Amino acid sequence: MNPHFHYRDGRLFLEQVALDEIAGRFGTPCYVYSRTALTEAYQAFEQALSGTPHLVCYAVKANPNLAILNVFAKLGAGFDIVSGGELQRVLAAGGDAGKVVFSGVGKTADEMRRALDAGILCFNVESAPELLRLNEVAGSLGKIAPVSLRVNPDVDAKTHPYISTGLKQNKFGVAYEDALALYRQARDLPHLHIRGIDCHIGSQLTEVSPFAAAVGKVLQLVDALAAEGIALEHIDLGGGLGICYDDETPPAIADYVAALLSALNGRAEKLILEPGRVLVGNAGTLLTRVEYLKHGEEKNFVIVDAAMNDLMRPALYDAYHNIVPATQNDLPKMTCEIVGPVCETGDFLGHARELSIEPNALLAVLSAGAYGMSMASNYNTRPRAAEVMVDVDRVHLIREREKISDLFSGEHLLS
Ligand SMILES: *Cc1c(COP(=O)(O)O)cnc(C)c1O
């Protein structure tokens, strides 16, 4: 549990605010984030990188709420985006387009145009046809597109197969063996300017060794490029540092950065990192209220008002989230299944948890700040949750709960 979550007289607080008060005021399900925790995680990167030319680009997809982007923008962050929509969010939140890197395997011509117009720092190009399209789009606008190639270093990130991205069989990046030839092609295209190199090997990594292995392979390429007269301004090592959900022991941000710097061994190129989960994951919780206790023949079901549409990670990856009471009680504990109201057997938030549940209890699903709200859907015509940010003793509603009428406002009856 992030240290900004703590119990006081049996009530769970985030910073100086009791979570049951937030639930009372804004309803449930409700995401709550700590501004202080966000800031501390970001500052840990800045501190560890203070002696090195660098840019920390927050991976917007982890949690794209404008208030969260704004907190990072004010701290000087750049942003890693994967769509034109994320670019628009960054700009709306006061982010600096000149600090934006654009990743993703399927950039459309329209997204490229918008990013060129905004003046982003770099396109992380993931294939040969994308390189050709970018050259064409830039030419049609009379602009020069800044590019990196995202290379696939073929290292095993030892994480869940759905969030491993740096293996040969993954759809991401340019094959390591093809990278040199593609850089030569990029050099010869008139509307491109080669700015750097990029890799991102996966998410929720809990060891530094795969990162160090990736750095080694990237540096071999950087040297080979230099030998051909292709000098790079930056090396982008992506994101992927894991957090503790259960009993994982990921390296601290400072140790992770130290391992990267040691593998980089004093290179002069600017270092770009794209952390997502580690900046927001443990800064947030999902509050949910118990609707029913249902004692089945084999299991006790605790049916709560949050579901897989609010937090998809358990259903999608069988991910573990610690679930704790927002108000403690003295009732005996029982083993229970924490499930939502959605009509899917896969709709669960936790299996076989030991909890003492009173009627109407308020629960906090921890480590829900990353890939929680950003993956939420309207399945079962469920409005998406409200989002709240705590800043010491202040409480800000940063996203209103959706209304049911919002959900079908763009739909039409046959005329
Ligand atoms: C998702 C993603 C990230 C962030 O990953 P985390 O595991 O959340 O740190 C960074 N870069 C790229 C290209 C990504 O797709």
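Summary table below
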item	result
Residue within the range 395-411 that is touching a helix residue (DSSP H, G or I) at 6+ places or on another chain (Cβ under 6 Å) and on the phi < 0 side of the Ramachandran plot present	yes
Hits in the range 1-14 (condition: assigned to a loop (DSSP other than H, G, I, E, B) and of a type outside the set (Asp, Glu))	Met1, Asn2, Pro3, His4, Gly10
Residues within the range 271-304 that are within 28 Å of Pro64 (Cα to Cα) and either open to solvent by 30 Å² or more (accessible area, probe 1.4 Å) or touching a Lys or Arg at 6+ places or on another chain (Cβ under 9 Å) (or both), tallied	5
Considering residues of the range 120-154 that are assigned to a loop (DSSP other than H, G, I, E, B) and of a type outside the set (A, V, I, L, M, F, W, C) only, the residue farthest from the chain's Cα centre (by Cα)	Gly142
Single residue of Tyr371, Tyr379 found to be within 29 Å of Gly240 (Cα to Cα), among the aromatic types (Phe, Trp, Tyr) and within 16 Å of the ligand (Cβ to nearest atom)	Tyr371
Only one of Ala315, Ala307, Ala319, Ala326 that is within 16 Å of the ligand (Cβ to nearest atom) and either out of contact with any Cys (no Cβ under 6 Å at 6 or more places or on another chain) or open to solvent by 10 Å² or more (accessible area, probe 1.4 Å) (or both)	Ala319
Residue in the range 249-270 that is among the aromatic types (Phe, Trp, Tyr), open to solvent by 10 Å² or more (accessible area, probe 1.4 Å) and within 28 Å of Phe5 (Cβ to Cβ) present	no
Test set (1) part of a loop (DSSP other than H, G, I, E, B); (2) open to solvent by 60 Å² or more (accessible area, probe 1.4 Å); (3) within 16 Å of the ligand (Cβ to nearest atom) - Arg89 fails condition number	(1)
Matching entry among Ile230, Ile243, Ile235 (being of a type outside the set (Lys, Arg), under 30 Å from His396 (Cα atoms) and open to solvent by less than 40 Å² (accessible area, probe 1.4 Å))	Ile243
Residue in the range 247-279 that is nearest to the ligand (Cβ to nearest atom), counting only those that are closer than 24 Å to Leu363 by Cβ and in contact with a Ser or Thr (Cβ under 9 Å, 6 or more places away or on another chain)	Arg277
Cβ pairs under 8 Å, 6+ apart, first in the range 131-150 and touching a residue at least 40 places away in the same chain (Cβ under 8 Å) and open to solvent by less than 70 Å² (accessible area, probe 1.4 Å), second away from the ligand (no atom under 16 Å from the Cβ) and among the hydroxyl-bearing types (Ser, Thr, Tyr)	Leu149/Tyr183
Subset of the range 101-119 that is away from the ligand (no atom under 16 Å from the Cβ), touching a helix residue (DSSP H, G or I) at 6+ places or on another chain (Cβ under 8 Å) and not in a loop (DSSP other than H, G, I, E, B) - its residue that is farthest from Ser140 (Cα to Cα)	Ala118
All positions within the range 229-244 that are more than 13 Å from the ligand (Cβ to nearest atom) and in contact with a Leu (Cβ under 8 Å, 6 or more places away or on another chain)	Ala231, Leu232, His234, Ile235
Subset of the range 329-355 that is touching a helix residue (DSSP H, G or I) at 6+ places or on another chain (Cβ under 8 Å) and open to solvent by 10 Å² or more (accessible area, probe 1.4 Å) - its residue that is farthest from Asp246 (Cα to Cα)	Glu344
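The values are calculated or read from the model by the stated rules, or taken from the named source; none is laboratory data. Treat the numbers as computed from the prediction; the structure is a model and nothing was measured. Using ideal geometry, Cβ is built from the backbone for each residue, glycine included, and neighbour counts are taken over all protein chains shown. Side chains are part of the model used for accessible areas, which takes the heavy atoms of the whole protein and leaves out ligands, DNA and RNA. Shrake-Rupley method; radii C 1.70, N 1.55, O 1.52, S 1.80 Å.
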